[in-house]
Structures are given as structure tokens and as C-alpha cells.
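The block underneath contains the structure these notes are about, expressed in C-alpha cells.
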Amino acid sequence: MEEKVRVRFAPSPTGALHIGGAHTALFNWLWARKNNGVFVLRIEDTDRERSTKAFEETILKGMEWLGLDWDEGPDIGGPKGPYRQSERNDIYHEYAEKLLKEGLAYREGPAVIFKVPKGLTLGFDDIVYGRIEMESDTLKDIVLIKSDGSPTYNFAVVVDDYTMGINYVIRGEDHISNTPKQVLLYQSLNWPLPRFAHLPMILGKDKKKLSKRHGATSVYEYRNMGYLPEALFNYFALLGWSPGDDREIFTKEEAIKLFDLKRVTKRAAVFDMEKLNHINQEHIYLLDPYKRVELVTPFWKELGLDVERHDKEYLAKALELLGGRGQTLKEVAEYSDYLLDFEVVKERYDGKDLTESQKDILKEFCRELVNTDEWDAMKMAKFAKSWASQKGVKMKDVAMPLRWALTGRKVSPGIFEVIAFFGREETKSRLSYYGLL
């Protein structure tokens, strides 16, 4: 019977969950879910000075928000704990002693150092990069336990992965250079090697290592900027992997079905905000109308809009009218503000750009428009076309000032759709404010 897949994500709580970490976590999570395996969360907090509980909580919150649930971890426990390196010191010392007893390591003061044997070819098969080999002669002796009694990364990660039953190690390609040292430690302890899969680097559009200048780097910042977790999940999955067709938009469930480590590319992935924005826009558009209202509401409130004066049905219809406009929830809130509150329109537009003759033509048009029998967008548009033609007026000379007076914006959904949505009384009230009735 084939061994159950066990993978892990092992962040260091010295900062928030950033893009690179979230990307690694997501690929591990996908591989576990694809194979009905186990996704382990382990906290690598041996950097005592920089590790904090607050950062650990932020990382956990970021993962929860992205929908990356774990099966074993520091908060929920499990059969292979403890899941914080700071609580596993006895385990590291036990295996360091074993290597000392077997003459494979030596002490230098309180530190324990592994003696690298000469003349060995250290190799491993990487699922993404293929066969990788290194000569042991190129390596210096490896510190296992530092003089302060804490383990080094290379030793702790091997002990943890073996004792936690991790059989797939999926991590960033910056760890490739560490892997031969780890292979040597596995072999010296007579432990089987896990399968290794190193993920491509993520670069900015300028092909430089990702940093804050390429946009937010903390996953939680994206939440505050109006991105959906489903969109971020979707986009992260596409960094260094593709489903094998031209599909760009998919759900978590679809990603699980399609995911395969063999399809991960060696090429560095480029983090492109424009593509993320497009994917986010598509996911916003796929939301249930009432769910969309729930998610946009905090951003409306941030703009100081009185959301409570409208019922949920009105707000859902307002966002439906907006269509696919707005690439983030924040933009959706901004682009729809005039549908909730006339005050924002007054702040943006004072009507002073209209000449008296333009105002006279508009008054005549508006009076007839608000008195039409049928309050229907298509019929009003038809009426406007015919009216403009009779008066020898260009349609845009009527529609544009009308749009400004009702929305305070240069761009909006079809102006007659907006008028139909507002209803006769609200339309009359807004037009009257600008003296157009």
C-alpha cells in the first residue's frame, strides 16, 4: 500500500505571511488535498530574538484567510508534535548525541559539528529540477547544535521532517543549495529521503526579487486593499504552474483536481499586479450579489457612505447595475458611491461648466424625460435619440452633462439604466439640485 502523502509548511514567525511564503504554503496544501494527504503546519522559531507570538498569529490568520487549513499544527496539535521548534530541543539533542556516539560528529565547546566525509557524490532527484548532485569535498563541516544550545536550520529541518513523517518536501528553489547537506544528514542517520520539489522564484515585473516596491508583500495587506482570498489563491496557483490549458480562472476545488507537481515550471514566475487585478475582477463578478454587498460594505463605510439607509436588495441591484466595473472591492465601492449617496456627487460636480444655452436645452430635455409614461431604460434611450434628432442636438451633448449631474463621474453604466434604477423621484431630486427641471 502506498504511503500517505505528508507535506508541511514551516514558516519562521519573524514577519507576516508574505507572497513567497503563501505561495509555498499553497502548493503544499494543493498537493496534500490532491492526494488525500496530510498538511502539517510547523513553526520554525529557533531565531529567538526575531520570532514573536504576534507574527505567528498573523501568519496563521493569513493562511486561514486564504483558505489553507492545516491538519496538524501548533494550535490544533496532532500525533507528531510538538509543532514549534522551540519546544523540540530535546529531540535535536538526542539525534546530535547519536551522531557524536557514532563518531560522525564532534564537539567544539558546547557546539556540536558534523564531520563531512570526503569523496562522496551527494545527489537527489527533484520533481521540478531533475537530478541534482554535489561533491562532498565542496562542503565545510556542518554545525548541528550552536554554542547557545539551539539547532541550526539544516539539522532541525532534517530531524523535524523525518520525525514528523514528511515524505514530500516542497519549498522555494533558494533551498536547493541546502539540500545536499540535508541529504548527507539523512544518510548518516540511516533515514529514507523524502521526495524533494523546489518551486521557482517569484520575481517582480522588472525581473528583480520581489519586494515591497512591487506592491504589498503581506497577504493580509491584500485583504485591506480589497482583494478576494479566492482571487489571490487562484493567482498564486498560477505562479510557476498551469492547469495545462488556457484556463486562468478557477476555484479551489478545480485547482485541487488539476494540480500536479510535474507541471511546475523551472522558470522564475513573474508577479504581475495587472494579472492579479484581472483575476480579482473576475472573482468579484462571480460572487453571489448579496455576498458581494457584504464584502463591499466595509469599503463603502470607509468612504463615509451611509450604507444603512438602503436595504440589501437595493445595494445588490446597485452592484449588479455596476456590472464588472472595479478590479478590487475598494474600487467597486468607489465606482458605486453615487448609487448610495447624492452628497458625493455634489462634492465632485458643481454644474458651473454648463453655459446658459446648454442649460436651456437640458432643461427642456429633462422636463420631457421625467414625465415619460414608461420608466424603462431602453424606452428612455429611444426617446432621447429621437428628441436629440428632432432638435438637431448631438446625443453626447445631452448624455454627458446628464451623467455628470446624476453621478458626478465621466464614466458610469448606461445613463438611462442609471436613471431607470434611481426611479422618477430620485432622478427629479438630483436634476432639480442643478436647476435642470
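The numbered conditions (1) closer than 17 Å to Tyr314 by Cα; (2) buried (at least 17 other Cβ atoms within 10 Å of the Cβ) are all true for Ile415 except (1). Tell me, please, whether a residue that is at positive phi, at pLDDT 95 or above and of a type in the set (Gly, Ala, Ser) can be found in the stretch 251-268. The answer is no; no qualifying residue exists. Taking into account only those residues within the stretch 267-309 that are outside any helix (DSSP H, G or I) and charged (D, E, K, R), which is nearest to Ala333 (Cα to Cα)? Out of the qualifying residues, it is Asp306. Here the condition is being within 23 Å of Arg171 (Cβ to Cβ), among the hydroxyl-bearing types (Ser, Thr, Tyr), open to solvent by 10 Å² or more (accessible area, probe 1.4 Å) and modelled with pLDDT of 90 or more; of Ser242, Ser211, it holds for Ser242 alone. Do we find that Trp375 is of a type in the set (Phe, Trp, Tyr) and assigned to a loop (DSSP other than H, G, I, E, B) in this structure? The answer is yes for Trp375. Of all the residues in the stretch 415-437, those that are within 17 Å of Phe383 (Cα to Cα) and at pLDDT below 95 number 0. Taking first residues from the stretch 100-115 that are at pLDDT 95 or above and partners that are in a strand (DSSP E or B) and surrounded by fewer than 13 Cβ atoms within 10 Å (Cβ to Cβ), the Cβ contacts under 8 Å between residues at least 6 apart in sequence or on separate chains come to Leu100/Arg107; Ile113/Arg107. Within the stretch 310-365, the set of residues being in a loop (DSSP other than H, G, I, E, B), farther than 16 Å from Arg403 by Cα and either open to solvent by less than 30 Å² (accessible area, probe 1.4 Å) or in contact with a Pro (Cβ under 6 Å, 6 or more places away or on another chain) (or both) comprises Gly323, Gly326, Thr328. The one condition from (1) over 30 Å from Val307 (Cβ atoms); (2) open to solvent by 30 Å² or more (accessible area, probe 1.4 Å); (3) among the aromatic types (Phe, Trp, Tyr) that Trp375 does not meet is (1).
Do we find a residue being in contact (Cβ under 8 Å) with a residue 40 or more places away in the chain and in a helix (DSSP H, G or I) anywhere in the stretch 382-400? Within the stretch 382-400 (the criterion being in contact (Cβ under 8 Å) with a residue 40 or more places away in the chain and in a helix (DSSP H, G or I)), the answer is no, since none of the residues qualifies. Suppose we filter Asn224, Asn167, Asn190 for residues that are within 30 Å of Tyr92 (Cα to Cα), without any contact (Cβ under 8 Å) to a residue 60 or more places away in the chain and not charged (D, E, K, R); which single one remains? Residue meeting the stated conditions: Asn190. Of the residues examined, Ala10 is one that is at pLDDT 95 or above and at negative phi.
In this structure, Asp125 does satisfy being within 17 Å of Trp191 (Cβ to Cβ), open to solvent by 10 Å² or more (accessible area, probe 1.4 Å) and touching a strand residue (DSSP E or B) at 6+ places or on another chain (Cβ under 9 Å). If the condition is being within 17 Å of Phe27 (Cβ to Cβ) and open to solvent by less than 10 Å² (accessible area, probe 1.4 Å), then the stretch 62-79 contributes Gly62, Met63, Leu66, Leu68. Scanning the stretch 143-160 for residues that are of a type in the set (A, V, I, L, M, F, W, C) and open to solvent by less than 10 Å² (accessible area, probe 1.4 Å), we see that the one that is nearest to Leu193 (Cα to Cα) is Val158. Just so you know, in the stretch 1-24 the residues that are in contact with a helix residue (DSSP H, G or I) (Cβ under 6 Å, 6 or more places away or on another chain) and assigned to a helix (DSSP H, G or I) include one that is farthest from Ser86 (Cα to Cα), and it is His23. When Leu122 is tested against (1) within 30 Å of Thr265 (Cα to Cα); (2) within 32 Å of the chain's Cα centre (by Cα); (3) of a type outside the set (Lys, Arg), only condition (2) is not met.
The values are calculated or read from the model by the stated rules, or taken from the named source; none is laboratory data. Predicted model, so just to flag it, every value in this text is computed and none were measured. Please note: Cβ atoms are built from the backbone with ideal geometry, for glycine as well, and neighbour counts cover all protein chains shown. SASA here: full protein model, heavy atoms, side chains in, ligands and nucleic acids out. Shrake-Rupley method; radii C 1.70, N 1.55, O 1.52, S 1.80 Å.
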